[in-house]
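Everything on this sheet refers to the single structure shown next.
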Amino acid sequence: MEVVLVVPLALCNDYCHPGYHTQMKKEGPFCCYKCVPCPEGKISRQKDMAHCLNCPEDQYPNKIRIECLAKSLNFLSYDEPLGIALAVSALTLSATTLLMLGILIKHGDTPIAKANNRNLTYSLLISLLFCLLCSFLFIGRPQIVTCHLRQTAFGITFSLAISCILAKTITVILAFMATKPGSKMRKWMGKRFTNSVVICCSLIQASICIVQLCAYPPFPHLDMHSVPEEIVMQCYETNILYYILGYMGLLALVSFIMAFFARKLPDTFNEAKFITFSMLVFCSVWVSFVPTYLSTKGKYMVAVEIFSILASSSGLLVCIFSPKIYIIILRPELNSKELLIRHKKQKCSPTLF
């Protein structure tokens with residue numbers, strides 16, 4: 001009779017199941033080990049694996065870390081509630097801006113429409129309309145064209161809007177100084193000077209965007225690592241956004257300071273106090289944008305920027321134009337030349353609104 005010798009299996013512990021790997025114990029026999037869960041991003045498919053395996057870049061481990069699953073694409077689309085809500089908000093605000101522009105054009109010969117340069121008012125509303133419409137460049141699958149236009153369109157249109165606000169503030173100050181006896185400020189009054197302010201301030205931002213676009217052009221990029229279970233489709237951009245925000249912040253700060261000191265100048269339709277509040281709202285939105293933007297990932301970074309664009313644009317619309325629209329529609333008796341002359345004679349304060 002043949003005798004079969006079986007080598008006994010010496011184990012100090014049970015087998016390590018899939019999803020775990022073996023790790024030698026510091027104390028005890030050399031054949032003893034403990035089972036440790038696979039670290040994040042790794043799996044093990046067999047018993048007693050000494051090392052866990054990495055998943056491919058386009059895959060991620062399941063919850064029990066025994067197999068890899070395909071990652072889904074992540075970008076802000078029109079098919080999801082967040083994208084739909086932002087798109088509808090942008091369309092609503094754009095329609096509101098067009099309505100305000102139509103009302104002011106229709107009543108363009110009235111004193112309140114002419115106050116503080118009627119053409120600047122129209123330019124400001126048109127630039128705000130384009131600011132709102134550029135939100136649509138951020139929604140949808142990133143493409144080469146949209147990546148190139150996103151921050152460029154955002155930066156130029158917003159800088160144009162703030163430049164118009166700065167020019168309106170300067171108009172208020174110059175109008176007051178020109179009324180003083182012997183003042184030489186009257187030669188600075190007129191469309192040529194205000195147009196020069198708007199064009200120069202806007203050209204600086206356009207130059208910043210063009211230089212950045214030529215030196216470091218953005219392009220569609222797949223981020224495999226920011227979100228563990230998703231592939232983030234985004235526009236790979238350098239620091240162009242921070243240069244744009246820095247220049248916009250400088251323009252807004254100058255506008256805020258000048259409007260703050262001009263808010264009590266004697267003028268019947270003085271917009272300076274409304275510009276002051278609008279710049280305060282504008283700066284608050286974009287100052288809070290930076291930490292929020294840096295703390296989010298994936299499509300929510302894009303959503304934060306779109307929300308900031310919509311919030312700051314609506315803040316400018318409400319603060320600057322709602323008093324004008326209110327008087328034109330609901331208080332037309334205040335929008336008269338006779339009232340303007342009477343208030344000037346009485347040297348009233350600029351708090352007619």
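The values are calculated or read from the model by the stated rules, or taken from the named source; none is laboratory data. All of these numbers come straight from a predicted model, not from anything done at the bench. All Cβ positions, glycine included, derive from the backbone under ideal geometry; neighbour counts span all protein chains shown. Just the protein is used for accessible areas: all its heavy atoms, side chains included, with ligands, DNA and RNA removed. Shrake-Rupley method; radii C 1.70, N 1.55, O 1.52, S 1.80 Å.
Of note:
- Accessible area expressed per residue, segment 49-93, with surrounding protein chains retained (probe 1.4 Å, Å²): 62 Å²
- Each Lys or Arg adds one and each Asp or Glu takes one away; over the other residues whose Cβ falls under 13 Å from the Cβ of Leu73, this sums to -3.
- Against the empirical 2.2 N^0.38 Å (N residues), the chain has a Cα radius of gyration ratio of 1.53.
- Computed from phi, the 3J(HN,Hα) profile of segment 239-256 under the Karplus parametrisation 6.51, -1.76, 1.60 (θ = phi - 60°) reads 9, 4, 4, 6, 5, 4, 5, x, 5, 4, x, 5, 4, 5, 5, 4, 4, 5 Hz, with x in place of Gly and Pro.
- Along segment 143-153 the Karplus relation, 6.51 cos²θ - 1.76 cosθ + 1.60 evaluated at θ = phi - 60°, assigns HN-Hα couplings of 10, 4, 5, 5, 5, 5, 8, 3, 6, 5, 5 Hz to successive residues, with x for each Gly and Pro.
- Result for the chain in a Gaussian network model with C-alpha springs under 10 Å: among Met258, Met233, Met24, the largest mean-square fluctuation is at Met24.
- The chain - percent of accessible surface contributed by carbon and sulfur, probe 1.4 Å: 65 percent
- Solvent-accessible area per residue in segment 213-284 equals 49 Å², computed with a 1.4 angstrom probe and all protein chains kept.
- Under 5 Å between amide hydrogens, built in the peptide plane, is the criterion, and for Tyr236 it picks out Phe219, His221 among residues at least 5 positions away or on other chains.
- Working note: Karplus 6.51/-1.76/1.60 with θ = phi - 60° gives segment 313-329 the couplings 5, 5, x, 5, 4, 5, 6, 8, 9, 4, x, 5, 5, 4, 5, 4, 8 Hz, where Gly and Pro are set to x.
- Qualifying trypsin sites (Lys or Arg not before Pro) for segment 221-311 [loop in DSSP, other Cβ within 10 Å: at most 15]: Lys264, Lys297
- Taking every DSSP bridge with both residues inside the chain, close to 85 percent are antiparallel.
- Near Gly108, once Lys and Arg are set to +1 and Asp and Glu to -1 for all other residues with Cβ below 11 Å from its Cβ, the sum equals +2.
- Choice from Ile325, Ile84, Ile64 with maximal GNM fluctuation in the chain (Cα, 10 Å cutoff): Ile64
- For the chain, built as a Gaussian network whose Cα springs stay under 10 Å, the top-fluctuating residue of Val197, Val281, Val36: Val36
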